Amino acid sequence: MSPRYHMPRSVSEAVEILSSVPGALPIAGGTDIMVRMRPGVPGGGQDVPPALVSLRHIPELAAIEESDPGGALRIGAAVPLREVADNPTVKATLPALVEAIEVFGSPQIRNVATLGGNLGNASPAADSAPPLIAYGARVEITGPDSTRRVPVEEFLTGPGRTALAPGEIVTAVTVGPRPTGERSTYLRQGRVRMDVALVGLATRLATDGVTCVDIRLAAGAVGPTPLRLTAAESLLRGSRLDPDTVARAAARAEAEVSPITDIRASEGYRRHLIGVFLRRSIARLTDPVSPQEGSS
Amino acid sequence: MSIGDPMIRPDARAKVTGEARYPDDLAPADALHAQVVFSNQPHARMVSMDTTAAAAVPGVVMILTSADVPVNEYGLTMFDQPVFIGLETTGRSRVPADVSRWEADHIALVVAESPEAATAGAEAIEVEWEPLPVVADIEAALTDEVLVHPEHESGSNSYYGLRIRKGDMAHGWEQADVVVEGTYHLPHQEHAYLQPEAGMAYVDEQGRVTVEVPGQWAHEDQEQIAHALDLPPERVRVIYPEIGGAFGGREDMSLQIVLALAARALHERGDSRPVTSRWSREESIVGHHKRHRGIITARLGATREGKITAVEARVHLDAGAYNYTSNKVLGNCHLAVAGAYEVPNAHIDSHAVYTNSTPGGAFRGFGGPQGGFVAETQMNKLAEALGMDPVELRRRNALREGSIGITQTPMPPGVTLPEVIEACSEAAGMDQPLAPEAPDGPFTPFPTLPPEPIAVKRGRGFAAAFKNVGFSYGFPERCEAEIRLHGDDRIERVELFHAGAEVGQGAHTVDLQMAADAVGVPVEMVEGHFSDTATSGDSGSASASRLTWMSGNSILGAAEEAHKAWLEGDRPAVGHFRFVPPPTTTLDPETGEGVPNFTYGYVAQAVEVSVDIETGHITVDRVVSTHDVGRAINRALVEGQIQGGVVQGQGYVLSENLVVENGHILNPRLSGYLIPGIGDIPGRVDSVVLELADPLGPWGARGMAEMPMITYAPAVIAAVHDATGVWFDEFPLTPSRVLAGLEEAAPH
């Protein structure tokens, strides 16, 4: 009934167990897995794996490191979100990620949930994914034979599905150095404060004061995976950020997402919110008197 | 003097530290574990059930089914529900047991050595069903094509009705310069108490089948258990441990009868181990009733001067598969739908309707929130149509001392609605323009989206209401207390015996305060013995805002009796008293004439909101909740009830959206059914507490616990209208519903 619980002390040991025990599941904070494991209505979807492999006792998964001054940042997969958001380098260089974490779950959940877990769970509404995609982050994957890195948007392949092969685990998320002058933000809305995102939008913007030099838009909960809004990006890139242009980009963004209707919100509502969020994000990132702070 | 002292509740420390024992904490290590098996069939006839494989599951001790229930029926006001659906019965029930009418109908109880074995046993039960067409909602029920209870032989799913025929409707409409009308869809609401259903049962040393379980009325639980087990009530004992919230959701049976059956069956086998059971959150949400959903159509007419001339209403409440308390809830809704106003001409028809959906039942306000929503939204629409201030419109129509009520009899003395309306209006500054910015408060509403000032519109709404205190419509109403005075020359110790349920509201705290004051000793000298049918007389339920009012009167009587005995030299001096309030009556079936209630409580609320018109997200900035409580026995507990009622109202009107499709609840989890969290509650709640004595209340106290819930939804809806110009006749106001409403109303 209860799964076997493994506590490996190294990545290689963890990978070894995951490769040899069919159906074994890696677990870090457990905020998704434990919910799925609890009995609800008898016979009503309880999901208990045969074995759990804890990633909480592996030092290299628990650290945030800068590879060299000004170089890439490597966030261990099992670092709790609270620690990620409190890290001075993350705060200084990845403000949209910090904003996403601050609206993620509750303080208790943020204390144990991890970045690797949020990506590995592969919810289309995962809050950490849009900012990481906007920053061009990569997922470091370690398997029995090798370590590879794939962009976050390629790692997430569908609802609950990732590019992980059997035996592989997420070991870190890496983000390249951030150029100065770029600003970024993450907007999201739930029905109540603590709710899965109905829609989330991460925006990373570089301007010369008037014109958009570069922009990256990544949206969550509006498709089977978090996705780049490339049509809206290309309209804005190189354009003056006047209200008319931004409105046209918002219309493009609304057209290029593919949300669904579910218990939480309608397809039309989600489409509409993407446009609102795009306009508000650009207003926020181009407002000279309101330098960005954490959203809360 | 302990009356009026906001003393710290004696149970606070144990509850905060976790020492308090709730029903799921009771089981000793050797206890057996029971799993209730739901049918999962909203409407189906049982073809066969085989428990052979389940009984063979290692650890399974026994399986109880319909064949094991002496009288296979129960119900708080009507026996219309089988304990177990099944093919074999004793033949002593009037309710056919072969048809599942609700997805949470029980088909068996599996008793095992461990929870895991009980669950495995439950999953091994094999049942074959013949599906029947599901009566999914009120509209489907009203066609009467499929009957939920054909055995009632009425030919209709609409099984209980009430009427009001007052005055001359033609005259009323003729006098009306303005008429407003609307059709309102009221949603379900889930109680979402902290502690899901749980309990433990055993046969005590005196041979009584004993159930320790959370509930709201120990003696009623005892009676229903005794009926199903075919035992005299005194052979059944019900004890309430700490109770993790109730709100009406524990008025009806959940685990009481099945645990009692199991305890007796084990005892008969010579197994003396207690048996325990608990529901998961999902089982709790699927397995107990909800606030009724309903459809109400209403018309309201008034003169240019704002005097009401006529009210017409047609009410349908979804009772679900079984009555529970639907007939009583309907009665309250029936009174509330005309509002707390003088209405010369009225024509109201109300019906409870069976469906194969989740049962409607008791929930804080008990029909008042549904009726009150319609009455107050109609009044706010009328104010708009007249171009009149909504407070002024209420001033001109409010029930006052000596008013004739909607049931054509005088209101019970002590009508203070005009004073409550004035106090609320003044505290909220209703005669001043609404400030453009939200006021400061202890809580900052915590939108996940930074506000966009240009898209945020502020608005303010007002609503007022009344609610009966105590049982209505001739339902037997009483409350017993016993006080024992110990000592020699002077009283050294006081014992209070009372069955009233402490469901979290602080009932036992105020019982001790009232007993201390009634006897004339410090509260520390009073020792309470509570909520055990073996030691206390019947108190009636913790419901209908009645407990402080009824308990207080019973305690006053018991103290007086005890004092008499003391003077006569009895040691200990024992006073037992059974308080009976003035009688009430049913309504005349044709005209609705009658005396439905013996007293009322009065409430008014003003609410300020901010609406993000681009996202549809609403935050409540300020609530002024005004109550005449007659006398605050414990001011801190009164304010706790106000704050809690407002938060529960916040969920009802804004976020709680139970999705029921074809008889199945699709979101039986708190991640999908969204009650407000700390980040969602109003930024500021100002409690305005008036103390205008109820002539019959103990120390002048009035009931108040349901009242904050009743006016909140219409006040918020009015505030959203004030902000956006759009009326919402259906809620909860989820962001997407708000946005759709705004878009529909926008000029194209």
### Task
Output the qualifying pairs, or none if there are none: Cβ atoms under 7 angstrom, residues six or more apart or on different chains, first residue in the stretch A:175-198 and closer than 23 Å to B:Glu452 by Cβ and within 7 Å of chain B (Cβ to nearest Cβ), second residue among the aromatic types (Phe, Trp, Tyr) and buried (at least 23 other Cβ atoms within 10 Å of the Cβ).
A:Leu187/A:Phe277
### Message
Residues that are touching a residue at least 24 places away in the same chain (Cβ under 8 Å), at positive phi and away from every other protein chain (no Cβ under 14 Å): does the stretch A:137-150 have at least one?
### Response
no
### Of the criteria (1) of a type outside the set (Lys, Arg); (2) surrounded by fewer than 24 Cβ atoms within 10 Å (Cβ to Cβ); (3) not in a loop (DSSP other than H, G, I, E, B), which one B:Gly679 fails
(3)
### Query
Does the stretch A:124-169 hold any residues that are acidic (Asp, Glu), buried (at least 17 other Cβ atoms within 10 Å of the Cβ) and farther than 17 Å from A:Leu18 by Cβ, and which are they?
A:Asp127, A:Glu153
### Task
Would you point out which residue out of B:Gly441, B:Gly461 is among the small types (Gly, Ala, Ser), at pLDDT below 95 and assigned by TED's automatic domain parsing to the domain that holds B:Glu342?
B:Gly441
### Summary
Reported set for the stretch B:314-327 where residues are surrounded by 24 or more Cβ atoms within 10 Å (Cβ to Cβ) and charged (D, E, K, R) is B:Asp318
### Summary
Just one listed residue, out of B:Arg631, B:Arg622, is surrounded by fewer than 24 Cβ atoms within 10 Å (Cβ to Cβ), more than 22 Å from the chain's Cα centre (by Cα) and in a loop (DSSP other than H, G, I, E, B), and it is B:Arg631
### Query
Among the residues of the stretch A:264-291 satisfying the criterion of being assigned to a loop (DSSP other than H, G, I, E, B) and either closer than 17 Å to B:His617 by Cα or of a type in the set (D, E, K, R) (or both), which is farthest from the other protein chains (Cβ to nearest Cβ)?
A:Asp287
### Message
It is to be established whether one or more residues within the stretch B:18-40 are within 14 Å of another protein chain (Cβ to nearest Cβ), assigned to a loop (DSSP other than H, G, I, E, B) and within 27 Å of B:Ser357 (Cα to Cα).
### Response
yes
#### Entry: Criterion (more than 27 Å from B:Thr90 (Cα to Cα), more than 14 Å from chain A (Cβ to nearest Cβ) and surrounded by fewer than 24 Cβ atoms within 10 Å (Cβ to Cβ)) met by exactly one of B:Pro232, B:Pro241
B:Pro241
### Message
Can you find a residue that is more than 23 Å from B:His288 (Cβ to Cβ), surrounded by 19 or more Cβ atoms within 10 Å (Cβ to Cβ) and of a type in the set (Val, Ile, Thr) anywhere in the stretch B:83-102?
### Response
yes
### Query
Can we say B:Ala604 is away from chain A (no Cβ under 14 Å), under 21 Å from B:Ile421 (Cα atoms), in contact (Cβ under 8 Å) with a residue 60 or more places away in the chain and assigned to a strand (DSSP E or B)?
yes
### Message
Taking the conditions exactly as written (in contact with a Phe, Trp or Tyr (Cβ under 9 Å, 6 or more places away or on another chain), more than 30 Å from A:Asp287 (Cα to Cα) and of a type outside the set (D, E, K, R)), does B:Leu393 satisfy them or not?
### Response
no
#### Entry: Selection status of A:Asp86, without any contact (Cβ under 8 Å) to a residue 12 or more places away in the chain and either assigned by TED's automatic domain parsing to the domain that holds A:Glu140 or farther than 22 Å from A:Val175 by Cα (or both)
yes
#### Entry: Filtered residue count, the stretch A:199-212, keeping only those that are more than 14 Å from every other protein chain (Cβ to nearest Cβ) and in contact with a helix residue (DSSP H, G or I) (Cβ under 6 Å, 6 or more places away or on another chain)
3
## Note on the structure
Considering only strands (runs of 3 or more DSSP E) wholly within the stretch B:55-148, the ones with at least 2 residues that are in contact with a Ser or Thr (Cβ under 6 Å, 6 or more places away or on another chain) are B:106-112
### Query
within 14 Å of chain A (Cβ to nearest Cβ) and either in contact (Cβ under 8 Å) with a residue 60 or more places away in the chain or within 23 Å of B:Leu512 (Cα to Cα) (or both): does that describe B:Arg622?
no
### Query
For A:Thr174, are the conditions met, namely being under 13 Å from the mean Cα position of the chain (by Cα), hydroxyl-bearing (Ser, Thr, Tyr) and not in a strand (DSSP E or B)?
no
## Note on the structure
Note on the stretch B:651-676: residues in a helix (DSSP H, G or I) and at the interface with chain A (Cβ under 10 Å from one of its Cβ atoms) are B:Gly651, B:Leu654, B:Ser655
### Task
Kindly indicate whether B:Ile710 is buried (at least 19 other Cβ atoms within 10 Å of the Cβ), within 14 Å of chain A (Cβ to nearest Cβ) and either among the aliphatic types (A, V, I, L, M) or more than 20 Å from the chain's Cα centre (by Cα) (or both).
no
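Residue by residue, here is whether (1) modelled with pLDDT of 95 or more; (2) more than 14 Å from chain A (Cβ to nearest Cβ) holds:
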| site | (1), (2) |
| --- | --- |
| B:Val685 | yes, yes |
| B:Pro698 | yes, yes |
| B:Glu706 | yes, yes |
| B:Thr724 | yes, yes |
| B:Ser736 | no, no |
| B:Leu742 | yes, no |
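The values are calculated or read from the model by the stated rules, or taken from the named source; none is laboratory data. Just so we're clear, the structure is a prediction, and the values are computed from it rather than from any experiment. Ideal geometry is used to build each Cβ from the backbone, glycine not excepted, and the neighbour counts take in all protein chains shown.
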